[in-house]
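The values are calculated or read from the model by the stated rules, or taken from the named source; none is laboratory data. All of these numbers come straight from a predicted model, not from anything done at the bench. Don't worry about glycine lacking a Cβ; one is built from the backbone with ideal geometry, like all the others, and counts go over all protein chains shown. Ligands, DNA and RNA are stripped out before the accessible areas are found, and what is left, the full protein with its side chains, is counted by its heavy atoms. Shrake-Rupley method; radii C 1.70, N 1.55, O 1.52, S 1.80 Å.
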Amino acid sequence: MSAVLIDGKARAAALRAEVATGVAALVAAHGRAPGLTVVLVGDDPASAVYVGSKGKATREAGMISGEYRLPADTSEADLLALVATLNADPAVDGILVQMPLPKHMDSDRVIAAIDPAKDVDGLHPINTGLLVSGRDGLVPCTPSGCMLLIKEALGNIAGAEAVVIGRSILVGKPMAALLTNASATVTVAHSRTRDLAGHVARADIVVAAVGIPGMVKGEWIKPGACVIDVGINRIALPDGKTHLVGDVDFDGAVGRAGWITPVPGGVGPMTIACLLANTLKAASARAAG
Ligand code: NAP
């Protein structure tokens, strides 16, 4: 048996098309396109690539893309002042401060300064609280995208056993909250978890968000499980080139799982699509007053 490959690229394209339709409707009703502004501090090449692709996707969806690229030695006070300006700007519906920030900045303080209604990354403590309470808010984009893929594969997941590996504020914790809200029975595993293989073996749904290439072994997977691989790890090849692999041993898992996301082409494309969806949601809420 070979798992069904979950096509994140196709699902993301469909979501982006839905967002573009929603944007056109908002423009028709309110005469204004949603605006997403991304702030990048420093010159981390990977972050610069992400910011570039976010800007392109924003424009393709018919939204207005704003971008600030600040030098690495920008003071935290200057960044907070920019966030305050963007909070007050009526043309800005979504604000995303690209992480990680340089070490001299306190990212918690910066995230907390963003207006929760414009926090399209869903990381503000108010949005975290809304998510954990099962109330409507802005949800972090990567777990949101994973949830769409899980629901498309499995439909109703009430009562399913889910194991989330990783407990970051960006992926693991919000993922666990989303699965709990959908009535799955959720185990959150992390670096101190004993017998990870035993937990994974029980799971109907496995979400791996660790950052260690191939750490989830194929033989751990329960036959027929839905495996969502969030990991993006760049591996050097002997010929000097690099390639991307996930946190799951794909070749080992594909023969046991029922559904599996490839890396690349699984979760990755969903993240930007969900960012656009969050921006439209924020703009619609603001337009409705
Ligand atoms: P992170 O903040 O580094 O968190 C990693 C988590 O993995 C931590 O909770 C850590 O546990 C846990 N962990 C580490 N070693 C472990 C082990 N041996 N067994 C079990 N758990 C272990 O990373 P992140 O931001 O959540 O990202 C995780 C991965 O997803 C990375 O590869 C990242 O590049 C990728 N990612 C992809 C997207 C996308 O769009 N596809 C978006 C975001 C992230 P402790 O808490 O105990 O340290």
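Rounded to a whole number, what % of the accessible area of region 58-107 do carbon and sulfur atoms account for, probe 1.4 Å? Whole-percent figure for carbon plus sulfur exposure: 58. Remark on region 122-179: Rg and Dmax equal 11.1, 30 Å (Cα only).
Can you give me the C-alpha center-to-center distance between region 129-166 and region 36-61, rounded to a whole angstrom? Distance between centres, Cα-based: 25 Å. For the listed peptides 100-113, 222-235, 178-191, 135-148, a ranking on the average number of other beta carbons within 10 Å per residue, highest first, reads 135-148, 222-235, 178-191, 100-113.
For the chain, the relative contact order is 22 percent, taking Cα pairs closer than 8 Å that sit 6 or more residues apart in sequence and dividing their mean separation by the residue count. The share of accessible area on region 131-219 that comes from carbon and sulfur is 51 percent, using a 1.4 angstrom probe.
What FRET efficiency would be calculated for the residue pair residue 32, residue 72, taking the C-beta separation as r and a Förster radius of 35 Å, to the nearest 0.05?
Working: r = 34 Å, r/R0 = 0.97.
In this case the efficiency is close to 0.55.
Taking Cα pairs under 8 Å and at least six residues apart, what relative contact order does region 94-145 come out at, in percent? Show your work: numbers first, answer last.
Working: 50 pairs, mean separation 15.3, N = 52.
Worked out over region 94-145, it gives 30 percent.
Please compute the per residue accessible area over the chain with all protein chains in place, 1.4 Å probe, rounded to a whole number of Å². Can you show the working numbers first?
Numbers: 13160 Å² over 289 residues.
Solvent-accessible surface per residue comes out at 46 Å².
Label point of residue 87 set 7 angstrom out along Cα-Cβ; within region 25-42, amide nitrogens under 20 Å from it belong to 35-41.
About its Cα centre, region 2-119 has a charge dipole of approximately 500 debye under the convention of +1 per Lys or Arg Cβ and -1 per Asp or Glu Cβ, with nothing else charged. Taking θ as phi - 60° and the Karplus parameters 6.51, -1.76 and 1.60, the scalar couplings of region 92-105 work out to 9, 9, x, 10, 10, 9, 5, 9, x, 8, x, 4, 7, 10 Hz in sequence order, x denoting glycine and proline.
Normalised by 2.2 N^0.38 Å, with N the number of residues, the alpha-carbon radius of gyration of region 46-178 equals 1.15. Taking Cβ separations below 4.7 Å as the criterion for a possible disulfide partner, the isolated cysteines in the chain are 146, 226.
Place a +1 charge on the Cβ of each Lys and Arg in the chain and a -1 charge on the Cβ of each Asp and Glu, then give the dipole magnitude about the Cα centre in debye, rounded to the nearest 20. Write out the running numbers ahead of the final one.
On the way: 25 positive and 27 negative charges, 88 e Å.
Around 420 debye, computed over the chain.
Proximity of backbone amide H atoms, modeled 1.01 Å from N, is registered between residue 161 and 185, 204, 205 at under 5 Å, excluding neighbours fewer than 5 places apart on the same chain. Tell me the relative contact order for region 1-102 as a rounded percent, counting alpha carbon contacts under 8 Å between residues six or more apart. Normalised by residue count, the contact order of region 1-102 is 34 percent. Backbone amide hydrogens, once placed in the peptide plane, bring residue 35 within less than 5 Å of 64, 93, 94, excluding anything fewer than 5 places away on its chain.
Taking 7 Å steps out from each Cα toward its Cβ at residue 112 and residue 217 produces label points 4.3 nm apart.
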